[in-house]
Amino acid sequence: MDQPARQETNETATDRCETPEIRDSDDPLVVEFDSREALGCRGTRLDGFEDLSRWETYDGSIGADLSTVNKGVQSARLVATKDQPRAWICRRFEDGLDLSDRDLSLAVHPGEDDTRATQFRVQLLAPDRDNRVEMWHPVGGVRGWVRLDFGPTEFVGDPDLTDVREVRIQTWVGGGTAVSCNVDELRTTPKLSEPTVVLTFDDIHTTQYENAFPIMQKYGFPGVAGVIPWLTDEPVRLGADRLAEMRDAGWDVVSHPQGEKALPAYSVEKQEEMLRTSKQWLVDNGFEDGARFILWPLGRADEATLDLGAKYHYMGFLGGRCPSGRITGPQTISRVNGDDVETTLQMLEMAKRSRQSVAIMYHTIGAGGNRITTAEFERTMRRIDELGFRVATASDLWEEQSPRA
C-alpha cells in the first residue's frame, strides 16, 4: 500500500461519529437530529480526493472541484463526453488493502439533470481483473450530494478481499450522453454482525394484506408498509384498521406521500406540506414508530426534498440495486425491485455472502400486470428463509445502525 493512503486512513480511524447535534425545535413532527450528519462521517476515510495524483484515468477525465464539495476543500469532478459516455478512474495499492471485514460508501453528486439514469460503479480488483467485486448503484432522479452505501452486485472469479490491489470508480449514463459528476469521501465501515432483509411495500394496495401478509406470517417475517394517507379510504387501498393489524403483527407503517408527480416537481412549501400531512396522519392513527421513516415516492428526490426528509424522518428508502452494509447515507437507502425476481434472488445471495442488508421494494402482489405473482412472492420469501436472513423492519434497522446504537 502506498504510504499516503495509510496515513490518511489512520488519522480518521474512528468508525463512529460524534454525538449528533440536537435540534432546537418544539415541533413534535421534527426528528431530534439530522441523520445525514450523524451517520455520514462514520467509518474510516480511505480517500478524501484531496490529492488527485493518487488516481489514474481509464476513460474521461478527473479534475479538482473547489466549488462543489462534500467534505474538505475539494472533490473530484469526473467528466465524460458524448463519444466516451463514462468517466473511469482507479487507485492502486501495491502492497494490497484488506477490505475483508469492511464495506464501502462514497459521497456522489450526480449533477443537475434529474432525468438521467446515472449509475456509479465501484470495482475492487482482488488482486486482479479476473478476481474482482462489481458494485453497481444507480441514482436516477437524485440531485445534490448524497452518500451511497455499496454492496456487491457480482463476484467475478474468486476475489480475495484481504488483498485488494486496485479500487476503480466509474460513472456511466450511456446513450451517447455527456456527463459530469462529482465524488468525494470514499469511506470504509465495519461489516454488520449478520445479513438482514427489509421487505418494503409502497402504496398500501389491498393485495399486500390479502396475499403478502399471510405468506409472511407463515414465515414469521415483518414488513414495512408505506402509506399514502389521502388514499386510505379508496376500495383497493388499506385503511387504518388493517394497517393496525399489520402493525400489531410486527410491521412498521411508514410515510409514502405520493402525489401525481414526484416530490421535486412541487414547490418546497408544497413538499413540506405533503410530508407533514403524511406524518401527522401516521401519528394520529397510532403509527408513531413508523412515522420516523419514509419510502420516497416515484424514486426521485432533489436536494430540497432530502433536506426536508432529514427534518422529519431518520431514514428514507429510495431506489437502487445493490445490498449495503452499515448505513452512511440514511436518506437514500438502496432498494432492489422485488418484481424482478431473478435479480432479487441474486442480490440476496450477494448480501448473504458479504454479510450485508438488502431492502426489497414491492407494490402489488398477485394483482396481474408486470408486477410479481403470489407464487413468485412466496418463492422469494422461501429463499429468504432458506438463507437464514434476519428479516427486519425500518425500526429494527435504525435501532442497530443509529448513532446511539
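The values are calculated or read from the model by the stated rules, or taken from the named source; none is laboratory data. The structure displayed is predicted, hence computed values, not measured ones. As a convention, Cβ positions derive from the backbone with ideal geometry for all residues, glycine included, and neighbour counts pool all protein chains shown. In case anyone asks, the SASA skips ligands and DNA or RNA and just uses the protein heavy atoms, side chains included. Shrake-Rupley method; radii C 1.70, N 1.55, O 1.52, S 1.80 Å.
Numbers below:
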| read-out | value |
| --- | --- |
| Which listed residue is under 27 Å from Phe389 (Cβ atoms) and without any contact (Cβ under 8 Å) to a residue 60 or more places away in the chain, from Asp307, Asp340 | Asp340 |
| Selection from segment 260-290 of residues that are in contact (Cβ under 8 Å) with a residue 60 or more places away in the chain and either under 23 Å from the mean Cα position of the chain (by Cα) or more than 18 Å from Trp398 (Cα to Cα) (or both) | Ala262, Pro264, Arg276, Lys279, Gln280, Val283, Asp289, Gly290 |
| Residue that is within 22 Å of Val268 (Cα to Cα) and part of a loop (DSSP other than H, G, I, E, B), where the choices are Gly366, Gly319, Gly309 | Gly319 |
| Whichever residue in segment 160-182 is modelled with pLDDT of 95 or more and closer than 27 Å to Gly144 by Cβ and, among such residues, is surrounded by the most Cβ atoms within 10 Å (Cβ to Cβ) | Ile169 |
| The listed residue being basic (Lys, Arg) and at pLDDT 95 or above, out of Arg116, Arg36, Arg92 | Arg92 |
| The one condition in (1) open to solvent by 10 Å² or more (accessible area, probe 1.4 Å); (2) assigned to a loop (DSSP other than H, G, I, E, B); (3) under 26 Å from Glu399 (Cα atoms) that Pro257 fails to fulfil | (1) |
| Residue in segment 282-295 that is polar (S, T, N, Q) and assigned to a helix (DSSP H, G or I) present | no |
| Counted residues, segment 271-329 - those being hydroxyl-bearing (Ser, Thr, Tyr) and more than 27 Å from Pro190 (Cα to Cα) | 4 |
| Scan of segment 46-82 for residues that are assigned to a loop (DSSP other than H, G, I, E, B) and without any contact (Cβ under 8 Å) to a residue 24 or more places away in the chain, ordered by number | Leu66, Ser67, Val73 |
| Filter result for Met315 (open to solvent by less than 10 Å² (accessible area, probe 1.4 Å), among the aliphatic types (A, V, I, L, M) and touching a residue at least 24 places away in the same chain (Cβ under 8 Å)) | yes |
| Qualifying residue in segment 372-387 (condition: outside any loop (DSSP other than H, G, I, E, B), surrounded by fewer than 16 Cβ atoms within 10 Å (Cβ to Cβ) and touching a Pro at 6+ places or on another chain (Cβ under 9 Å)) | yes |
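Quick grid of which residues meet (1) of a type in the set (S, T, N, Q); (2) at pLDDT 95 or above:
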residue	(1), (2)
Asp340	no, yes
Thr343	yes, yes
Ser354	yes, yes
Phe389	no, yes
Glu400	no, no
